[in-house]
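Read the structure below first, then the notes.
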């Protein structure tokens, strides 16, 4: 496989600056291996001291390579924000593998990716994102020590963090943290959406769900028979207390925001907003939006705990994830006091800390 080189040696810095999501990233590597059909990017946004940067690996179809690169750049920056707001001393990074067209060996491709990961010598620690599963990570772990999420079940702790976030704003809006008699609309019932259903199913008075995967819907409905299935184009139109974007990026835009008939938007997807201005539109509509990199940080907190402790302790992780409550209360209070969106409040806090990090 071709030796992995920092992207400044492969792509001119001038080109990187033309990418919309570039934010003075420390480096990006392109992994290429024609024999396995591997094409991937690993973007490292910031490194803090001698510690590694954390970010999951996603495995998706991309129409153009520049889309994959922009995805890695955007998501790695978000991981820096997520780590900062969770009080973790790690930088942010992200990897995206472009799913090959036609036939390919998944094992061979992931073996090649793992070799590239190892060449970064611990600067990047990763786990599963969209398109990868626990079995993939178990297989890759055989050849690399820079993988996490095998013990801690990050999807479960992401869901727990979502629950804590919803409880904090529910206490402000409804006078109670309870999920009892609350109504939900969940866009995407993948790994995190499924875990969250376990938390709310017995208490919620109505749960609307949508997913593009019909087999997934069938599976989830067998476990939770009282769910209300709606079309993916209509999920954001439901009259509910809480709308939850748990699918892919940028599903909150000018069009979908007009459709919303909820009081709270909190979900597990990364980069839910098409732009920061969408948070302002939500705020103007009287809808509370929980900044995604705060509310979905439970997964990161759990894998960092796994990395640091080298063992699994559920109560220890849950205690750490519960710190999201304090962060959310701070953001909620400042948002109401300053009369601006929670997203802008969180961004100000994160950027202030980020600016102090030596590059």
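Annotations for the structure displayed:
- Using the empirical formula 2.2 N^0.38 Å as the baseline, the Cα radius of gyration of the stretch 144-241 reaches a ratio of 1.17.
- Mean separation of Cα pairs under 8 Å and 6 or more residues apart, divided by the residue count, gives the chain a relative contact order of 16 percent.
- Out of every Cα-Cα pair that the stretch 185-278 contains, those further apart than 16 angstrom amount to 50 percent.
- Cβ crowding within 10 Å, taken as a proxy for footprinting-reagent exposure, orders 44, 130 from fewest neighbours to most as 130, 44.
- If both residues of a DSSP beta bridge must be in the chain, then about 30% of such bridges are antiparallel.
- The alpha-carbon atoms of the chain, seen along their principal axes, cover 57, 46, 42 angstrom, with the largest extent given first.
- Globularity index of the stretch 20-107 is 1.14 (Cα radius of gyration / 2.2 N^0.38 Å, N = number of residues).
- Size of the stretch 50-187 as Cα extents on the principal axes (Å, biggest first): 53, 39, 30
- Relative packing of peptides 195-208, 134-147, 50-63 - highest average C-beta neighbours within 10 Å first: 50-63, 195-208, 134-147
- Normalised per residue, the volume of the convex hull around the Cα set of the stretch 224-359 (Å³): 149 Å³
- For the stretch 214-255, radius of gyration divided by Kirkwood radius, i.e. Rg to Rh on alpha-carbons: 0.99
- Per residue, the chain reaches -13000 deg cm²/dmol at 222 nm when only DSSP H runs of four or more residues are counted, each adding -39500 (n - 2.57).
- For the stretch 117-138 versus the stretch 325-357, the gap between their alpha-carbon centres in whole angstrom: 30 Å
- Working from label points 7 Å from Cα in the Cα-to-Cβ sense, the residue 280 to residue 222 distance is 4.9 nm.
- Taking other Cβ atoms within 10 Å as a rough exposure proxy, 294, 266 sort from fewest to most as 294, 266.
- Residues of the stretch 66-86 falling in the label zone of residue 353, defined by backbone nitrogen less than 19 Å from a point 7 Å along Cα to beta-carbon, are 75-86.
- For the stretch 202-236 versus the stretch 64-93, the gap between their alpha-carbon centres in whole angstrom: 30 Å
- Euclidean distance of C-alpha centroids, the stretch 167-189 and the stretch 14-33, integer Å: 39 Å
- Solution diffusion estimate, µm²/s, Stokes-Einstein, the stretch 145-189, Kirkwood Rh from C-alpha pairs, 20 °C, viscosity 1.002 mPa s: 170 µm²/s
- The stretch 62-119 shape via C-alpha gyration tensor axes, a/c threshold 1.5: oblate
- Scattering profile of the stretch 98-144 at q = 0.17 Å⁻¹ [log10 I(q)/I(0), Debye over alpha-carbon scatterers]: -0.50
- Normalising by residue count, the stretch 295-359 has a Cα convex hull of 97 Å³ per residue.
- Förster radius 22 Å - calculated FRET efficiency between residue 202 and residue 314, Cβ distance, rounded to 0.05: 0.60
Throughout, read-outs are computed from the coordinates displayed, never taken from laboratory work. The structure presented is a predicted model; accordingly, all values stated were derived computationally and were not measured. Because the Cβ atoms are built from the backbone with ideal geometry, glycine has one as well, and the counts that use them run over all protein chains shown.
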